[in-house]
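To start, the structure itself, in structure tokens.
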Amino acid sequence: MKRVLLSGNEAIARGAYEAGVRFAAAYPGTPSTEVLENIAAYKEIDAHWAINEKVALEEGIGASFAGARGLVAMKHVGLNVAADPLMTFSYTGVNGGVVIVVADDPGMHSSQNEQDSRQYARFAKVPLLEPADSQEAKDFVKIALEISEEYDTPVILRSSTRISHAQSLVALAEREEVSLRPYEKSTKRVMMPAFARPRHVKVEERLGLLGRYAEKAPVNRIEWRDRKTGVICAGICYQNVREALPDASVLKLGMCYPLPVQLIRDFAAGVDRLYVVEELDPFLEEQIKAAGIDICGKEIFPTVGEIHPNLIAEKITGRPLTAPLIAADPETPVPARPPVLCPGCPHRSVFYTLKREKMVVSGDIGCYTLGALSPLEAIDTCICMGASISAGLGFEKGNPEMRGKVVSVIGDSTFFHSGMTGLADVVYNGGSTLTVILDNRTTAMTGHQDNPGTGRTLKGEYTAAIEIAPLCRALGVKRVREVDPYDLKTLREAIREEAKAGEPSVIVSRRACVLLDKSDKGYYEINGEKCTACKACMVLGCPAITAGESGMTIDPSLCAGCGVCVQVCKFNAIKKAGGEDEK
Amino acid sequence: MKNNTSILMGGVGGQGIVLASRLLAHVIQAHNHELKISEIHGMAQRGGSVITYVRFGREVFSPLIEPGQADYILAAEKLEAWRWLPYLRRGGTMVCSTQEIKPVPVITGKQEYPKTIMEKMQALAEEGTIGRLYAVNALEIAEKCGQPKAATVALIGVLARSLPFPCESYLAALKAIVPTRHLAANEKTFLAGYNYFTE
Ligand SMILES: Cc1ncc(C[n+]2csc(CCOP(=O)(O)OP(=O)(O)O)c2C)c(N)n1
């Protein structure tokens, strides 16, 4: 059969389609985002962006209770947000099967931490599957849904950056229509103490049954090769182990919780030296050791970052597979190419202003987190989505002298995700922090997904748009204004006034992401005669402006024509190409 | 016995590295190899380093390429060629553009753009550390062919000479992937690269 090249995320989407999934929800987050973006193409699946991961999972729970097969997707930290429903969904069990896709990010390619989501499986006492390539990513969705329905439990499908964003060949199948299961009212879904107690007993029994299933599950398999070395591994580590130690025997786990303890014992008995290779926490290792099996893992492998083939070969055989072609040359260090706010990014002027006003900036997560980097260096904190506003309130409560000096900065998508509650708390508890909502009309960081403010759904359909300014007023903020961040003077005045208002205030900095704004605003040039090379414009950190020996230059291919630099120049040395000198 | 080939492609966001990997994937698939591609979508949309690993052959396990492992490197920018050079295996092939795109630490004057990249790579090529070095002004080639955005396609053309697939496979891949209105310019750019070192 002809196979097609799919990323892990495309394959998961295809798996949902083939397995008869009827409902899917997610909040975007690298590296999980493309799961829903690809599911959106299947008209058989009712799929949407939820406002956050907790809401997404709760919708999935409802769809399951109503009898449908469902899929919910998120990045690893998203599962923290969805942890509350997860813990109790484990008790209620399902009606239609549910698979919860969680994408971890060992190495933190694009995340604020590298937590190991496998711990949630043990915490919630639900099974966890882990695919090792795109074919398995697709197939495991179906297996997860079958386990879900058979054992009356949600199932976690754990991916990682190297699975989600790697492409490999996949054999496709047709969609299998799975009919809705009938809905019947049951106290099994009403988790109050009296009804929850018997459910907890069921959860413990289920874990035992799943452990027995794991022993025979086809997703767990022993590959006997040379018996001197045996390695237990799953997911991307399986591929890296095969690459590093092609002759070693391997116990490949497709199901990482609960573990097939007897199978592991048999494997251990068949090899001379037993290793476990797993990224991040010693999740498998601790359980294997607790079963009294001697195994080597984190004594030689790190709990931090990814584990690549060279490291595996080096730690187990004593020599890496390959070595760098040339040693790093200390005389010519390679300049990093860090991500930056784009030329014309509407967030730039806000950070420029906050820096000049010497504000303490309680930050949040999105493209705008780049405002923490040189030369803007305007952001003081970044913790988790939504933390800006609540931590900002904490600043002034913890140290009253900081009242009026703290500003919370949050993107539009992040505000909807988990900023609204913090803002309500500022009002409720007599805070006075200024909140700047960077409304660039999209969820830019993760690749421009729609959100409740954009008026469009995942499937590209028009829908009601929630307006941020009236929403803030409804939450009780009396001082709310909208500002165009390209207008530096008005922005500065607004920030100055609102920061010392002594009551909750909101500035909505509203201007579409420059990558979405297709209008041609021309570009700007430096007038070499007027430019004194004072470098005031360099403070903006715009990649289009370069300092040369004889003054500044603007790269016309990069300039987006936002005109913010014009307002920063005291010498009137920047003008529109082909236009008159401005102001 | 080595049973696969590793190609590392590096550039700057917006240079078409992802398109290049799709083209190669199309060609490789047409010849029925096992294939894995790994992309790192960095933090931001623009301006950061972009890196893609393409591995193909009879059997491919890890989608990763590690230092000293790449049989080929295609670099769409000179500094990126230098950055990823340690990933080339001894005797491997480097195809790189002479184009310079300054990263922000250089723009802001915090760091210098290394001046002697080409000289150093040439010296490494002379002593055989780099097996073959093809440095081309890909941007100029693409501009001459009427599509400056297709510079990376010119590099694919240069690389194609060293890979075990016929020219027609690449032209078929272009036809399948590039929008019709840009196809002619892309084909011309590819062939200009393909013939660059043979004319
Ligand atoms: C709980 C959680 N979910 C998802 C993410 C991934 N993520 C980081 S920022 C972001 C959205 C940013 O959008 P917005 O607030 O509109 O800012 P923009 O990037 O558009 O400037 C997302 C989805 C995350 N870090 N944490």
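The values are calculated or read from the model by the stated rules, or taken from the named source; none is laboratory data. Computed from a predicted structure; not experimentally measured. A quick note on method: Cβ atoms are made from the backbone with ideal geometry, for glycine too, and the neighbour counts reach across all protein chains shown. Note: accessible area is taken over every heavy atom of the protein model, side chains too, but ligands, DNA and RNA are not part of it. Shrake-Rupley method; radii C 1.70, N 1.55, O 1.52, S 1.80 Å.
If I filter the range A:20-44 down to residues being more than 16 Å from the ligand (Cβ to nearest atom) and buried (at least 24 other Cβ atoms within 10 Å of the Cβ), which single residue comes out as nearest to the other protein chains (Cβ to nearest Cβ)?
The residue in question is A:ILE39.
Tell me the residue from B:LYS120, B:LYS102, B:LYS110, B:LYS78 that is in contact with a Pro (Cβ under 9 Å, 6 or more places away or on another chain), surrounded by fewer than 23 Cβ atoms within 10 Å (Cβ to Cβ) and more than 8 Å from chain A (Cβ to nearest Cβ), please.
None of the other options fit; the residue is B:LYS78.
In the range A:161-183, what count of residues is obtained for those that are part of a strand (DSSP E or B) and in contact with a Ser or Thr (Cβ under 9 Å, 6 or more places away or on another chain)? Quick ask: steps written out before the conclusion?
We begin by selecting, within the range A:161-183, every residue part of a strand (DSSP E or B); these are A:166-171.
With in contact with a Ser or Thr (Cβ under 9 Å, 6 or more places away or on another chain) added as a condition, the list becomes A:166-170.
Matching residues across the range A:161-183 total 5.
Here is a yes/no grid of residues against (1) open to solvent by 10 Å² or more (accessible area, probe 1.4 Å); (2) touching a Phe, Trp or Tyr at 6+ places or on another chain (Cβ under 8 Å); (3) part of a loop (DSSP other than H, G, I, E, B):
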site: A:GLY344; (1), (2), (3): no, no, yes
site: A:SER349; (1), (2), (3): no, yes, no
site: A:THR353; (1), (2), (3): no, no, no
site: A:LYS358; (1), (2), (3): yes, no, yes
site: A:ASP364; (1), (2), (3): no, no, yes
site: A:MET385; (1), (2), (3): yes, no, yes
site: A:LEU393; (1), (2), (3): yes, no, no
site: A:VAL409; (1), (2), (3): no, yes, no
site: A:THR414; (1), (2), (3): no, no, no
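Cβ-Cβ under 6 Å, sequence separation 6+ or interchain: first residue in the range A:71-89 and in the same structural domain as A:ASP152 (by TED's automatic domain parsing) and within 13 Å of the ligand (Cβ to nearest atom), partner open to solvent by 10 Å² or more (accessible area, probe 1.4 Å) and assigned to a helix (DSSP H, G or I). Which pairs?
Listed by first residue and then by second, the contacts come to A:LEU79/A:TYR120; A:VAL81/A:LYS54; A:ALA82/A:LYS54.
Yes or no, residue by residue, for (1) modelled with pLDDT of 95 or more; (2) within 14 Å of chain B (Cβ to nearest Cβ); (3) in a helix (DSSP H, G or I):
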position	(1), (2), (3)
A:ARG206	yes, no, yes
A:GLY211	yes, no, yes
A:ILE236	yes, yes, yes
A:LYS252	yes, yes, no
A:TYR275	yes, no, no
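Condition check: in contact with a strand residue (DSSP E or B) (Cβ under 8 Å, 6 or more places away or on another chain), open to solvent by less than 50 Å² (accessible area, probe 1.4 Å), at pLDDT below 95 and not assigned by TED's automatic domain parsing to the domain that holds A:GLU53. Does A:THR381 satisfy that?
So A:THR381 does not fit the description; no.
Given the options A:ASP425, A:ASP450, name the one that is among the acidic types (Asp, Glu) and within 14 Å of the ligand (Cβ to nearest atom). Write out each step before concluding.
Working: A:ASP425 fails: within 14 Å of the ligand (Cβ to nearest atom).
Step by step, each of A:ASP425, A:ASP450 is checked, and only A:ASP450 is among the acidic types (Asp, Glu) and within 14 Å of the ligand (Cβ to nearest atom).
Report whether or not A:ARG158 is open to solvent by 10 Å² or more (accessible area, probe 1.4 Å), in contact with a helix residue (DSSP H, G or I) (Cβ under 7 Å, 6 or more places away or on another chain) and within 14 Å of chain B (Cβ to nearest Cβ). Break it down stepwise before answering.
Working: open to solvent by 10 Å² or more (accessible area, probe 1.4 Å): yes; in contact with a helix residue (DSSP H, G or I) (Cβ under 7 Å, 6 or more places away or on another chain): yes; within 14 Å of chain B (Cβ to nearest Cβ): no.
Spelling it out, it is not the case that A:ARG158 is open to solvent by 10 Å² or more (accessible area, probe 1.4 Å), in contact with a helix residue (DSSP H, G or I) (Cβ under 7 Å, 6 or more places away or on another chain) and within 14 Å of chain B (Cβ to nearest Cβ).
How many of the residues in the range A:90-112 are away from every other protein chain (no Cβ under 14 Å) and either outside any loop (DSSP other than H, G, I, E, B) or within 16 Å of the ligand (Cβ to nearest atom) (or both)? Give the steps one after another, and end with the answer.
Of the residues in the range A:90-112, the ones away from every other protein chain (no Cβ under 14 Å) are A:90-102, A:104.
Then drop every residue that is not either outside any loop (DSSP other than H, G, I, E, B) or within 16 Å of the ligand (Cβ to nearest atom) (or both), which leaves A:90-92, A:98-102, A:104.
The qualifying residues number 9.
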